[in-house]
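Notes follow once the structure below has been shown.
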Amino acid sequence: MEIITAVRGFKDILPGETERWQFVEETARKIFSDFGFKEIRVPVLEKTELFRRSIGETTDIVEKEMYTFEDRGGESLTLRPEATASVMRAFLEHSLHGGDSVSKLFTFGPMFRRERPQKGRYRQFHQINVELLGSADPLVDAEVIHMLMLFLERVHLKNVNLEINSLGCPGCRPAFRKVLGQFLSQKEKDLCEDCRRRLGTNPLRVFDCKVEGCRAAVSSAPLLIDYICAGCAGHFREVQEGLKVLETGFSLNPRMVRGLDYYTKTTFEVTTKALGAQNAVAGGGRYDRLVKDLGGPEVPGIGFAAGVERLISLLPEGMEGVSRSPDLYVAALGPEAKKIAFRLCNGIRRQGFLAETDYSGRSLKSQMKRSDRLGAGYTLLIGENEIREGKALLRNMKDGSQGSIGLEDAEAQLLSLLKAR
Ligand code: AMP
């Protein structure tokens, strides 16, 4: 019979890799908590409407990439393609804006987008998400970006580029949209089919298109940064000043628009040449209207998402993490010895040490080999002779020395040895 394999674009994360994941997550947890962020966990499934309203009807994600289905009750549900919308929903549903004026939240978890799988691009991938709600201050933007860069540095990411841009606000962006629309309609014949359609709906998206003709068309297009209002320009200047104070290097990319409609003012993206085509490690921006658009009060916010698979693939060699070896291996032969090993191992584990044994009935020699392979600190040998004599042989696997210990109080003796290690 053929085995059943995972769904295309969905990936298992195996022991050996999971240590790297733990390292990345623990580093994030530590740094984010130093900056006052708290963890929130939200469901992976939401009402489809949530993503339509927040990400935007005319984005690639909503138009083509969502895993949407009708559940048995006839409701349209979607596996989340990103986390910000869900965090905002939770923020509103539980009135998290009621207490402290600023909410600092982070979350980890899988996202789902039906893109074409390739190296660094999956249909289920994981993000580390940060959201800060309740402040429109440009210094907050600088602080959040600085925290992201610090996190990337602590997970040993080298040669990364931070690019920033301002996407303006609902006051200034519509005027630019018109200017851009007019400019691009003159180049309509050079645009791909998708972008021709975007001309009427969301011309800014053309900046994101990878098709050669579209790239050429926008290379001489007017730039949003030249059209933003004085308020947005001043805000953006202060973000840059803040980044300079925190010695966080950046470059300006006036063509960066990001793939989601909810962004206002500051947007940013971190890329690295080491990744090839899928070169974005993290991205984010300010979303001052999102909470209101979802039916809440006017609460400004800013956040980012970092792609965990891409971060993991960039960790330097030797960062595999040390997978834990047994402190004690009990090699037992015969039913009586097996019972002793069973009791002993579980007692040792309850005291916080890793103890292993073998219930397969293999020869003592092959159990010794296994103990060696697992890198155990000590091996305790219990065969029929040992039971008869009430003593077991204990070998220190590091220096090869051995002695015998009484089976009567074996657990206490072993624990004092292990504690002294
Ligand atoms: P986005 O929400 O599109 O801004 O993505 C934020 C980050 O998530 C990107 O910078 C990538 O690191 C990661 N990412 C996005 N889409 C995928 C994908 N399909 N597979 C793997 N990582 C992804």
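The values are calculated or read from the model by the stated rules, or taken from the named source; none is laboratory data. Predicted, not measured: the structure shown is a model, and the values here were computed from it. Here the Cβ is made from the backbone with ideal geometry for all residues, glycine too, and neighbour counts use every protein chain on show. What goes into the accessible areas is simple: the full protein's heavy atoms, side chains included, and nothing from ligands, DNA or RNA. Shrake-Rupley method; radii C 1.70, N 1.55, O 1.52, S 1.80 Å.
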Crossing angle, helix 173-185 versus the chain [Cα axis fit, 0-90 degrees, rounded to tens]: 80 degrees
Dipole magnitude of the chain about its Cα centre (Cβ charges: Lys, Arg +1; Asp, Glu -1), debye to nearest 20: 720 debye
With every protein chain in place, the chain: carbon and sulfur % of accessible area (1.4 Å): 50 percent
Pairwise Lys count, segment 149-218 - Cα closer than 23 Å, eight or more residues apart or different chains: 5
Accessible surface, per residue, of the chain when the full set of protein chains is kept, probe 1.4 Å, Å²: 50 Å²
Cα-based helix-to-principal-axis angle, 410-420 vs the chain, degrees rounded to 10: 50 degrees
Lysine-lysine proximity count for segment 328-415, Cα under 16 Å, sequence distance 8 or more or distinct chains: 4
Burial ranking of peptide ranges 382-395, 357-370 (average Cβ count within 10 Å, highest at the top): 382-395, 357-370
³J(HN,Hα) computed for each position of segment 72-80 - Karplus, 6.51 cos²θ - 1.76 cosθ + 1.60, integer Hz, glycine/proline x: 5, x, x, 8, 7, 10, 9, 6, 4
FRET efficiency, K178 to E212 (Cβ-Cβ, R0 22 Å, nearest 0.05): 0.25
Where D12, D288 fall by accessible area, highest first, once all protein chains stay in place (1.4 Å): D12, D288
Residue-level accessible surface for L224, protein heavy atoms, 1.4 Å, Å²: 10 Å²
R215 accessible area, 1.4 Å probe, all protein chains in place, Å² to nearest 10: 120 Å²
Vicinal HN-Hα couplings computed from phi for segment 86-91 (Karplus, 6.51 cos²θ - 1.76 cosθ + 1.60; Hz; Gly/Pro x): 5, 5, 5, 4, 5, 4
Computed over the chain, Kirkwood Rh from alpha-carbon pairs, angstrom: 25.2 Å
Net length gained if the chain between T58 and T18 were fully extended (0.36 nm per residue, minus Cα distance): 10.7 nm
Label-point gap, in nm, between R72 and R388 - each point 7 angstrom along Cα→Cβ: 6.3 nm
Protein-only accessible surface order, largest first, of E163, E46, E247, E143 at 1.4 Å: E247, E143, E163, E46
For segment 372-377, Karplus couplings with θ = phi - 60° (6.51, -1.76, 1.60), whole Hz, Gly/Pro x: 5, 4, 6, x, 5, x
Cα-based Rg of segment 328-415 normalised by 2.2 N^0.38 Å, two decimals: 0.96
Separation of the L374 and D100 label points, Cα + 7 Å toward Cβ, nm: 4.4 nm
L407 long-range amide H proximity, modeled H, under 5 Å: K391, A392
Nearest-20 debye value, segment 328-415 charge dipole, Cβ charges on Lys, Arg, Asp, Glu: 340 debye
Leading residue at positive end of dipole, the chain (Cβ point charges), from F151, L92, A6: A6
